[in-house]
1. Pick out the one residue from Ala360, Ala367 that is surrounded by 22 or more Cβ atoms within 10 Å (Cβ to Cβ) and modelled with pLDDT of 95 or more.
2. Any idea which of (1) small (Gly, Ala, Ser); (2) modelled with pLDDT of 95 or more; (3) not in a helix (DSSP H, G or I) is the one Gly127 doesn't satisfy?
3. Just to be sure, is Arg321 open to solvent by 20 Å² or more (accessible area, probe 1.4 Å) and touching a Ser or Thr at 6+ places or on another chain (Cβ under 9 Å)?
4. Find the residue count for segment 213-243, including only residues that are within 17 Å of Val56 (Cα to Cα), open to solvent by 20 Å² or more (accessible area, probe 1.4 Å) and out of contact with any strand residue (DSSP E or B) (no Cβ under 7 Å at 6 or more places or on another chain).
5. Can you name the helices (runs of 4 or more DSSP H) wholly within segment 15-82 that have at least 2 residues being closer than 30 Å to Met170 by Cβ, within 23 Å of the chain's Cα centre (by Cα) and of a type in the set (A, V, I, L, M, F, W, C)?
6. Could you pull out the residue among Leu372, Leu417 that is assigned to a loop (DSSP other than H, G, I, E, B), open to solvent by less than 30 Å² (accessible area, probe 1.4 Å), on the phi < 0 side of the Ramachandran plot and in contact with a Pro (Cβ under 9 Å, 6 or more places away or on another chain)?
7. In segment 224-271, which residue that is outside any loop (DSSP other than H, G, I, E, B) and within 16 Å of the chain's Cα centre (by Cα) is farthest from Gln451 (Cα to Cα)?
Amino acid sequence: MTEQFKEQGGAATMDPSALTRWMTSRFVSRLVRPGALERARAAEETARLAAGKPHVVEYFHQVEDGYSHLSSQVLERLQERYDVQLVCHLVAGPQGKNSAEPELLLRLSRYDSQQIAQHYDLQFPEGDKTPPTELIADAKQILAAQDNANFIARCAEVGAALWSTDTATMTQLAEAWGTADDKATRALVETGSARQAELKHYSGGMFYYAGEWYWGIDRLYHLEQRLSALGVDRQPQQPMIAPRPDTVSGPLQDNGSLTLEVFPSLRSPYTAISFDRAVKLARDTGVKLVVKPVLPMVMRGVPATREKGQYIFSDTAREARAAGVPFGKFYDPIGNPARRGYSLYPWACEQGKGNELLSAFLSCAFAEGVNLNREKGLRRAVEKAGLDWSEARGHLGSTEWKSQLEDNRLAMYDAGLWGVPSFRLMDREGREVLALWGQDRLWLIAQKIQQLLALNN
């Protein structure tokens, strides 16, 4: 864990004014309310037809990002399968407040890509070594020298040499395909990054089409569904290039020998659409569930930009629809509402209702639009959890939760994770098997549970 993150934690004072909280809530609710996405897509298509333009998908590649390497392996298939113009850019990746800890993010991208690659029939070398700086520079220079068609055709091969730290192959590729000099490479990366900033995003491995962003392999299925609906799928009867794997909770059942740790927070939209599913997965598979709530990222000093927030909420809405989970009627619980909710958590756990309280709070904030800064709203969450409000009031404002959440945060960072929801799966000896960040990793947790149970039987 870096010194920066060791110093974060505690109960930061993120208490916006009532007006700011209301404005944020209104903005998000409008962004994700039912029908908003469909209307935005229809407007984009009307404008495209009026201008007589082709369907253009833009791809933003960050050479040293593991997710970008996975995305690069489907570029040719994407262009062949769909009647689109695919335009590729080199980018620098998250900068400034959009990247609180870039080294940790890149490390996670390598580990996570290794875990998911085989499930999408892709390749990612084993090992956790950072590619040498010189080899990263070589890869950038080779790709900077390619026109768009050759970028699409050669990007994955350059990435394979990079991630395998195969200097000899990289040298051969440079000799065969040419390289751009340092100045030209920097200029191309700056141009690509500027284009991405113009379109209001910041990460590598991203696809953009007509007003929407799609994060790498994990969100490609949303893009494929959209293109198919527009009638540009050349093989509509064939499976998608990158369908989302199903979350399967059987057939094998555990007797509590495995442990699933879940790290949620009360102001996380991704937590809101996955917490109940994570609890259900543990219940259905019989694994022991340990919930370790943490403070929201912005309440522990991790910055967030408007662009990042807008993407997260719009992406969560898409993911919620795909999962059939209620989401979108939002009233921001940042600051005092979250702290008041956490202050009730130790007492709720004593009543055997800790998970119910977290679930009810998240549902009220993200699916019902309840103002949890008001006593009436918090009472609704408490009673929704099956708890007694008159008894709960006696525990409001307790400080017992602070040390507990800080311990949870440190455990999460020690696992190489820092965002929520995060998951850690432990075997029967208490050894870590998987440590993953993101609601879109529940399917992988479920698969690993089945693999472990098969080995133990």
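1. Ala360 is the lone residue from the list that is surrounded by 22 or more Cβ atoms within 10 Å (Cβ to Cβ) and modelled with pLDDT of 95 or more.
2. (2)
3. So Arg321 fails the test.
4. Number satisfying all stated conditions: 5.
5. Working: elements: 18-32, 36-51, 66-72, 75-81.
Ranges flagged: 75-81.
6. Leu372
7. Taking segment 224-271 first, the residues outside any loop (DSSP other than H, G, I, E, B) are 224-229, 233, 259-263, 269-271.
Narrowing the set further to residues that are within 16 Å of the chain's Cα centre (by Cα) leaves 262-263, 269-271.
Numbers: Val262: 20, Phe263: 23, Pro269: 30, Tyr270: 26, Thr271: 25 Å.
Across segment 224-271, the extreme among qualifying residues is Pro269.
Residue by residue, here is whether (1) assigned to a helix (DSSP H, G or I); (2) charged (D, E, K, R); (3) on the phi < 0 side of the Ramachandran plot; (4) over 28 Å from the mean Cα position of the chain (by Cα) holds:
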| position | (1), (2), (3), (4) |
| --- | --- |
| Ser113 | yes, no, yes, no |
| Gln123 | no, no, yes, no |
| Arg154 | yes, yes, yes, no |
| Thr165 | no, no, no, no |
| Thr191 | yes, no, yes, no |
| Gln196 | yes, no, yes, no |
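The values are calculated or read from the model by the stated rules, or taken from the named source; none is laboratory data. Nothing here was measured: the structure is a model prediction, and the numbers come from that model. Backbone-built Cβ (ideal geometry, glycine too); neighbour counts: all protein chains shown. For accessibility, only protein heavy atoms count, side chains too; no ligands or nucleic acids. Shrake-Rupley method; radii C 1.70, N 1.55, O 1.52, S 1.80 Å.
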